[in-house]
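FYI, it's all coordinate maths here, none of it is from the lab. It should be emphasised that the depicted structure is a prediction, and the values quoted were computed from it without experimental measurement. So basically every Cβ, Gly included, is an ideal-geometry build from the backbone, and we count neighbours across all protein chains shown.
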Amino acid sequence: MAEADLNLLIALDVLLAEKSVAAAARRLGLSESAMSRTLGRLRQTTGDPLLVRAGRHMVLTPHGEQLLEAAPLAVAQARSLLKPATSTLSLATLDRVFTLRTNDGFAQVFGPDLVAALAQSAPHAGLRFVAKPDKEDGPLREGLVDLEIGVLKNMGPEIYLQALFQDRFIGVVRAGHPLAQSTILTPQAYAAYGHIVVARHGNGRGPVDNKLSSLGLARHIAAVVPGLGAALSIARQSDLVALVPESFFLHQAQNSGTGRVPGLVGFELPVQTSAITVSQMWHPRLHNDPAHRWLRECLREVCGLHYAALSGLVGKVTTPG
């Protein structure tokens, strides 16, 4: 079946309202002959004359009378559908739950400030943090999450990406650990102890192991845990060495009120590894959405301010000794 020409909808609305080919032509800026041809196409499309002669005037047929009220509504709806997307946003009345896919460390460090920011600016909006068992882009593509937070990997080329801050890994041991007493921490001394790593799957080996391997060294991974909190808990009660993001450790120090993490000492790694760029990622379907744009700006601001506050504690994270 051939598709109807939707351009005829506007002509139908004007013809029915004016009940005159000449008046409709003037209103639409067309010639009378062009308007007459358009009426002919409308008659063919609808299967009804719509307008017929009644002396010197034209009157609507019964079907034309039925369309008289429906046509303006159809035109208004079509124009509404095709108008540019609105850029207005009322945060005071925004009633929406945003889903963020991230690891527990990010939620612990930046979640409280982000929740507070939403409560202040958009009191009816909410946040839903969901676990991040992998780094696939499926949840973004399928619309299951609004934002993916983490390190870019295996994301499709259409996925938008915006850096939030740079982080790095540090070592953490219990207070009184032999490594915490060392004046100079060598790769050999670091590799001599058992280690705890955080990994969602696999054995948790990564850049640190690659650097040690280039020196002919290897870590013994004594424990693989799913979360950063568990890594610190085990390190506090053993001689194992934990590997955690600096931002997470500094956050623990900030929350303690003393500028230190009770029972633990953080230190710079004895091998150089690349900085970690933590980004927010989203699908193109949400790129121009006003509420989503506001959320992205809010997240970037919160991360920037909180990370700047944590940076004041970096002096607490030094090579043991």
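Taking all Cα-Cα distances within region 102-222, those exceeding 26 Å account for 42%. Computed on the Cα trace of the chain, the radius of gyration divided by the Kirkwood hydrodynamic radius gives Rg/Rh = 1.31.
Each peptide in 111-119, 240-248 gets a packing score, the mean of other Cβ atoms within 10 Å over its residues, and the list from highest to lowest is 240-248, 111-119. With helices as the sole contributors, the chain gives -13000 deg cm²/dmol at 222 nm; each DSSP H run of n ≥ 4 counts as -39500 (n - 2.57), and the sum is divided by every residue.
Taking 0.36 nm per residue of sequence separation and removing the Cα-Cα distance, the Leu6/Arg141 pair yields an extension gain of 45.4 nm. Amide H to amide H distances under 5 Å link Phe165 with Val278, where only residues 5 or more positions off or on other chains count and H is placed in the peptide plane.
For region 166-279, the fraction of C-alpha pairs more than 16 angstrom apart is 58%. The alpha-carbon atoms of region 23-70 define a convex hull whose volume equals 87 cubic angstrom per residue. Compactness check for region 220-305: Cα Rg over 2.2 N^0.38 Å is 1.46. The Kirkwood hydrodynamic radius of region 1-90, based on inverse pair distances between different Cα atoms, is 14.1 Å. Label positions at Ala23 and Val75, each projected 7 Å from the Cα along the C-beta direction, are separated by 1.3 nm.
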